[in-house]
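Step one of this worksheet: look at the structure below.
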Amino acid sequence: MNFFKKVIGATFAAGLATFGLAYNPISTYHYLADPGAAADDEYFYIITDSDDPAAYDANGYSIKALYAFRSKDMQNWTDFGIIYDARQVNGIGDIWASGIAKNPNDGRLYIVFPDGGGGGIGLIGADSIAGPWTNPLPNNKKLINNWGGGFADCDGIGWCFDPAIFYDTDGTGYFTFGGGSSDSRPAADNNNNIFNIYKLNKDMKGFDTKPTQLKIGGPKAMEASYIHKYKDNYYLSYSTADLRIAYGMSKSPTGPYTYKGIFMGNPNINGQNINANNNNHHGIAEFKGHWYVVYHDRRIANGYDGLEKIPADDGKPNPVPAFHRSVSVDEFTYAADGSMNSLTFTKEGPKQIENFDPYDWYPALTSSKQKGVRSRSNWAPGKVAENILLPLASRSESWIRVSGVDFGKGATGFTVEAASVADNNKIEIRKGSATGTLAGTCTLKKTGSKSTFAETSCDVDGLSGIVEQLFLVFKGSQDSTMAIKGWGFEGSGKTPPEPQKPFGGKAWAIPGKIQMEDFDVPGTGRGDEYASYSDNDEENHGDSDYRKDDAPSVDLYKKSGDRIVVGYIQKGEWLEYTVNVAETGTYTMFAAVASDGGSSFQLSVDGENITEEIAVPAAKKEEGAEQNFDDYAKVSAKVNLTKGEHVLRFTATADWFDIDYVNFEAGEDAVDPDPIVGEGEQTPVVGDSTAIGKVVRLNSAAVETFGVFDLKGKKVASIEAVGLSSAVSQWKNSAKLQGIYVIRGSKGQMSKIRVTR
C-alpha cells in the first residue's frame, strides 16, 4: 500500500521508536562544540571544535582543533577525530566555530574557520571529510585578516570570527562571518549590522573582496551567522545576545533579510535547560529529503538524563559546564509559508532513515551510542589522522552500540583491527543490550604495543535479518591496554524491505469507524515509508499488552468492556492507517477523545493535511475535581477525501490526551451514529465543529494504584487512593521535589500537575 505515501519535509515526526533511537549527543566520550553541517547524496557531515583542552575549573574557552563526523542514516555516526589542528599549523592561533559545505562545482568539501578569537578567517579544502585538509589560496593566505596578510580586513566588525560557507543551487559560493558590536557596526534590538557576506571565486582561489553588509532586525545579535536555502527562500540565522537562534528570510543570499522570529530557544527538554543557560551555535543542512540542525548544549557536563559526566582532559571530574559542551542534532520542519517551525530539542535525536550495512570496513568509532570509552587522534599536517577507540575495559560497562543493522541472510564472521598489550582482552558481539544474546567473542591478538595493530577474526552466529541494537562490548582486566582502529563483518545479502500493511490484513473502510489501537503493522526498513507510527520515547506507559510485539512503545490502555485506547499522547507522535474510501466527496470526521484541555491533533492523507489543528476540549468534571481521563468527549471536522486506497495519518500537535476511535460519515453535516451521551441526556445537535455531544464517565472511581511519572516518562512513585482527585492531593502533599508530574491510574485516568515547594 506504501506507494500512496509521500515522504515530504513538512511531515510531523519525532523519534521513530520502532527502529531505535540515537540518543543525543552524538559523542559522549569527549567535549565538542560549535558545530557546522553539510550534506551530499551519500553522507551528512558535522564538523565541531573541541572543549577537551579546557581544564575542569576553566573560566574561559580553550579550543585548538576541528573534529569531523559523518552518517548515512542519521543515527550511526563515524567519528574521524581531529581533522585540523591549529597547534601544528604555522600562522594560526586557536581555531573556533567553523562552517562546512560541499562545493557542487568540484565535488570537494570546504571549511571556513576563524583564526583564534578574531584574528581572521581561513579556508581549507579536502576530497573527503577525513582529509587531508589544505589551504587552496595563493601563498597560504587567509580570506580575512585583522592584522594584514589576508585578501581583506574585518570591515569594522567587532568580532572577526564565526564564519559559515554556503553554495547556492547555481553553484555560486559565499562565506559570511561576524559578531560582537562596534561603533561603526552596531548590534542592537531591531538594528543589527555585524555580519558580512562575500562571493567566492569559482576556482576557490579568491573572492570578491567588496563586502555586502547583512543588516537585519530582530533581537540583538551576538554571533554565528548562517545562510541556507529552502525552495526559493534564503534564510539568515544567528545567535542572539539573549542566547537563542533567530532568523530572517530573503529572496537573495545577499539580502535584504526580513526578521521572522526565533527558530531555536536555549536548549531545553520538558522545561529543563540542558545548556547551562549559556551560548549556542548551529548548522543547518538538508539530507535525503529531511532538514536537520546541529547545535551544542551541556548535556554531558550536566549529567542530563543519566549521561556520564566524563572528566576534563586534565583527568579531574565534574568540569565546569559552561566551557565543556556537547554536540547534538535534531530534525525540524517548515510551515506552509516557508517560515521555520520552532525546533523541539530531543534526547532521542533523529530517526534512522536507512539500515546500517555491516558488510563494510568501519573506523572503530562508528556507533549510535557509547559508554565507557575514550578516543585518541594522531594528526599531522598533510595526512589523514588515525582516530583510535580506547576502551575502559575494566569497567562494568564498556561498549559501543550500532543501530538498525541489516545482516540479511546472515553474518558468518567478525574482524577487528586492534592493538592489545594484555592477555585475554576481548570483544563480545551481543544483540539487544550490552548483556544481551551473545553472537560471538573475539579474543584480541597480543601485539606488545598500543601502536602496533593486528587483525583478529572470529565466528559469529545468530546475526541475520535486521538487528535493532548491536553491541560491541569490551572486556579486560585493565584500562588502556587495547586500542581499536576498525572493524567489519563477513557475510552477504540484505533483508528485502517490506512496506507497512493494514492491521488484520484489510484496509479500514470509509465511511466507517477506525479503532485507533489498530494502526498499520510497521514494515521492514527505515524511514517514514516503512514506519506506521512514531512515539516520543521507547518506554511503554500503558497497561495493555496489545500490540506489544509489533509496536512495543505505543502507550495503549485498557478500558471497560475490553476496550483499548491510545493514551499518554505527546506532541509530534503519529499513527497511520491504510484506508479505502468508497467515493470521492466530503465527509464528517468524529473522534472520541479525552483531555484536561490544551491538546490538539491533525489528520493528513498521503502526506497532505486534510484538517487544520483540531482542539481537544477538556471534558466536564465536578467543580474542584481533577480531570479524569475516563471522561470522553467527541470532536468533529469536515474533510474532503478521494476514492481509493490511501494512508491516513493522525498526528498529535499538542501534549497529553487519549483517543479511542475516529469514524467518518458521508456528507458535510452528517449525523454521528455513535454519539457520547450521558444518562438522561438528549442526543446532541450536530454542527458544532469543536465539541459535540455530552461527556459520559466510562468507569467509576475505586481504590486503586496510581503511578506518578516525571515528564521524561520515568516512574517516580506509586499511590494507593480512591479516585484520581485523591491521588493528586496525596502527591501534592508528599512530593519532595518541585516540578511537573503526570499521575495515571490503572484504568487510564490521568492528570498533569505542577508541584511547587
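Looking only at region 263-286, which residues are crowded, with 23+ Cβ neighbours inside 10 Å and not aliphatic (A, V, I, L, M)?
267, 275, 280, 281, 282, 283
Go through region 314-330 and count every residue that is open to solvent by 30 Å² or more (accessible area, probe 1.4 Å) and more than 15 Å from residue 33 (Cα to Cα).
Number satisfying all stated conditions: 5.
Return the pair list, or none, for Cβ contacts closer than 6 Å from residues in region 51-74 that are without any contact (Cβ under 8 Å) to a residue 60 or more places away in the chain and over 30 Å from residue 353 (Cβ atoms) to residues that are assigned to a strand (DSSP E or B) and open to solvent by less than 30 Å² (accessible area, probe 1.4 Å), at least 6 apart or on different chains.
Note: pairs meeting the criteria are 63/49.
Filter region 570-613 for residues that are part of a strand (DSSP E or B) and of a type in the set (Asp, Glu) and give the result.
576, 608
State yes or no: is residue 427 open to solvent by less than 10 Å² (accessible area, probe 1.4 Å) and under 30 Å from residue 90 (Cβ atoms)?
no
Which residue is nearest to residue 494 (Cα to Cα), if the candidates are limited to region 450-467 and must be of a type in the set (S, T, N, Q) and open to solvent by 40 Å² or more (accessible area, probe 1.4 Å)?
The initial filter retains those residues of region 450-467 that are of a type in the set (S, T, N, Q), namely 451-452, 456-457, 464.
Filter once more, so that each one left must be open to solvent by 40 Å² or more (accessible area, probe 1.4 Å): 451-452, 457, 464.
Working: 451: 36, 452: 34, 457: 22, 464: 9 Å.
The qualifying residue nearest to residue 494 (Cα to Cα) is 464.
Would region 377-385 turn up any residue that is of a type in the set (Val, Ile, Thr), in contact with a Pro (Cβ under 8 Å, 6 or more places away or on another chain) and open to solvent by 10 Å² or more (accessible area, probe 1.4 Å)?
Yes; the residues of region 377-385 include at least one that is of a type in the set (Val, Ile, Thr), in contact with a Pro (Cβ under 8 Å, 6 or more places away or on another chain) and open to solvent by 10 Å² or more (accessible area, probe 1.4 Å).
When the residues of region 20-53 are narrowed to those that are assigned to a strand (DSSP E or B) and aromatic (Phe, Trp, Tyr), which ends up surrounded by the fewest Cβ atoms within 10 Å (Cβ to Cβ)?
45
Of everything in region 567-616, what is on the phi > 0 side of the Ramachandran plot and surrounded by fewer than 22 Cβ atoms within 10 Å (Cβ to Cβ)? Give them in sequence order.
Passing the criteria: 572, 585, 597, 598, 606, 607.
Taking region 288-313 as the region of interest, how many residues are β-branched (Val, Ile, Thr) and in a loop (DSSP other than H, G, I, E, B)?
Total meeting the criteria: 1.
Quick grid of which residues meet (1) open to solvent by 20 Å² or more (accessible area, probe 1.4 Å); (2) within 19 Å of residue 109 (Cα to Cα):
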| residue | (1), (2) |
| --- | --- |
| 55 | yes, no |
| 65 | no, yes |
| 68 | no, yes |
| 73 | no, no |
| 76 | no, no |
| 79 | no, yes |
| 88 | yes, no |
| 93 | yes, no |
| 96 | yes, yes |
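Which of the numbered conditions does residue 144 fail, given that it passes all the others? Conditions: (1) part of a strand (DSSP E or B); (2) touching a residue at least 40 places away in the same chain (Cβ under 8 Å); (3) among the hydrophobic types (A, V, I, L, M, F, W, C); (4) crowded, with 23+ Cβ neighbours inside 10 Å.
(2)
Residue check: is residue 110 in a strand (DSSP E or B), under 27 Å from the mean Cα position of the chain (by Cα) and surrounded by fewer than 24 Cβ atoms within 10 Å (Cβ to Cβ)? Spell out the reasoning first.
Values: in a strand (DSSP E or B): yes; under 27 Å from the mean Cα position of the chain (by Cα): yes; surrounded by fewer than 24 Cβ atoms within 10 Å (Cβ to Cβ): yes.
For residue 110, the condition - in a strand (DSSP E or B), under 27 Å from the mean Cα position of the chain (by Cα) and surrounded by fewer than 24 Cβ atoms within 10 Å (Cβ to Cβ) - is met.
Restricting to region 317-376, count the residues that are among the hydrophobic types (A, V, I, L, M, F, W, C), under 17 Å from the mean Cα position of the chain (by Cα) and closer than 23 Å to residue 81 by Cα. Reasoning before the result, please.
First pass over region 317-376, keeping only residues among the hydrophobic types (A, V, I, L, M, F, W, C): 320, 322-323, 327, 329, 332, 335-336, 340, 343, 345, 353, 356, 361, 364-365, 373.
Restricting the remaining residues to those that are under 17 Å from the mean Cα position of the chain (by Cα) gives 327, 329, 332, 340, 343, 345, 353.
Okay, now just the ones that are also closer than 23 Å to residue 81 by Cα, so 327, 329.
The total comes to 2.
Do we have any residue at all in region 72-81 that's part of a loop (DSSP other than H, G, I, E, B), at positive phi and of a type in the set (A, V, I, L, M, F, W, C)?
Going residue by residue through region 72-81, those that are part of a loop (DSSP other than H, G, I, E, B) are 72-76.
This time we only want the ones that are at positive phi, so: 74.
From what's left, of a type in the set (A, V, I, L, M, F, W, C): 74.
Yes, because at least one residue in region 72-81 is part of a loop (DSSP other than H, G, I, E, B), at positive phi and of a type in the set (A, V, I, L, M, F, W, C).
Looking at the structure I just gave you, is residue 355 of a type in the set (S, T, N, Q), open to solvent by 10 Å² or more (accessible area, probe 1.4 Å) and closer than 24 Å to residue 436 by Cα?
Answer is yes for this residue.
Can you say whether residue 660 is modelled with pLDDT of 55 or more, part of a loop (DSSP other than H, G, I, E, B) and either under 22 Å from residue 593 (Cα atoms) or open to solvent by 40 Å² or more (accessible area, probe 1.4 Å) (or both), as far as the supplied structure shows?
So residue 660 fails the test.
Report those strands (runs of 3 or more DSSP E) wholly inside region 474-555 carrying at least 2 residues which are open to solvent by less than 10 Å² (accessible area, probe 1.4 Å), small (Gly, Ala, Ser) and touching a strand residue (DSSP E or B) at 6+ places or on another chain (Cβ under 7 Å). First the steps, then the outcome.
Values: elements: 482-492, 508-510, 512-515.
Once the strands (runs of 3 or more DSSP E) in region 474-555 are filtered for at least 2 residues that are open to solvent by less than 10 Å² (accessible area, probe 1.4 Å), small (Gly, Ala, Ser) and touching a strand residue (DSSP E or B) at 6+ places or on another chain (Cβ under 7 Å), what remains is 482-492.
Six or more apart or on different chains, Cβ atoms under 7 Å: show the pairs whose first residue is in region 270-281 and more than 20 Å from residue 223 (Cβ to Cβ) and whose second is in a loop (DSSP other than H, G, I, E, B) and among the basic types (Lys, Arg).
These pairs meet every condition: 270/712; 274/298.
Of 671, 685, which residue is in a loop (DSSP other than H, G, I, E, B), open to solvent by 50 Å² or more (accessible area, probe 1.4 Å), modelled with pLDDT under 85 and on the phi < 0 side of the Ramachandran plot?
685
Conditions tested, residue by residue: (1) aromatic (Phe, Trp, Tyr); (2) within 30 Å of residue 188 (Cα to Cα); (3) at pLDDT below 95; (4) out of contact with any strand residue (DSSP E or B) (no Cβ under 7 Å at 6 or more places or on another chain).
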{"position": "93", "(1), (2), (3), (4)": "no, yes, yes, no"}
{"position": "104", "(1), (2), (3), (4)": "no, no, no, no"}
{"position": "111", "(1), (2), (3), (4)": "no, yes, no, no"}
{"position": "127", "(1), (2), (3), (4)": "no, no, no, yes"}
{"position": "136", "(1), (2), (3), (4)": "no, no, no, no"}
{"position": "140", "(1), (2), (3), (4)": "no, no, yes, yes"}
{"position": "143", "(1), (2), (3), (4)": "no, yes, no, no"}
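Would you mind finding the one in 322, 285, 336 that is assigned to a helix (DSSP H, G or I) and either in contact with a helix residue (DSSP H, G or I) (Cβ under 7 Å, 6 or more places away or on another chain) or in contact (Cβ under 8 Å) with a residue 24 or more places away in the chain (or both)?
Working: 285 fails: assigned to a helix (DSSP H, G or I); 336 fails: assigned to a helix (DSSP H, G or I).
Every option except 322 fails the conditions.
So is residue 298 on the phi < 0 side of the Ramachandran plot, in contact with a His (Cβ under 9 Å, 6 or more places away or on another chain) and of a type in the set (Lys, Arg) or not?
yes
The values are calculated or read from the model by the stated rules, or taken from the named source; none is laboratory data. Owing to the predicted nature of the structure, the values given are computational and were not obtained by experimental measurement. Using ideal geometry, Cβ is built from the backbone for each residue, glycine included, and neighbour counts are taken over all protein chains shown. Surface accessibility is based on the protein's heavy atoms, side chains included, excluding ligands, DNA and RNA. Shrake-Rupley method; radii C 1.70, N 1.55, O 1.52, S 1.80 Å.
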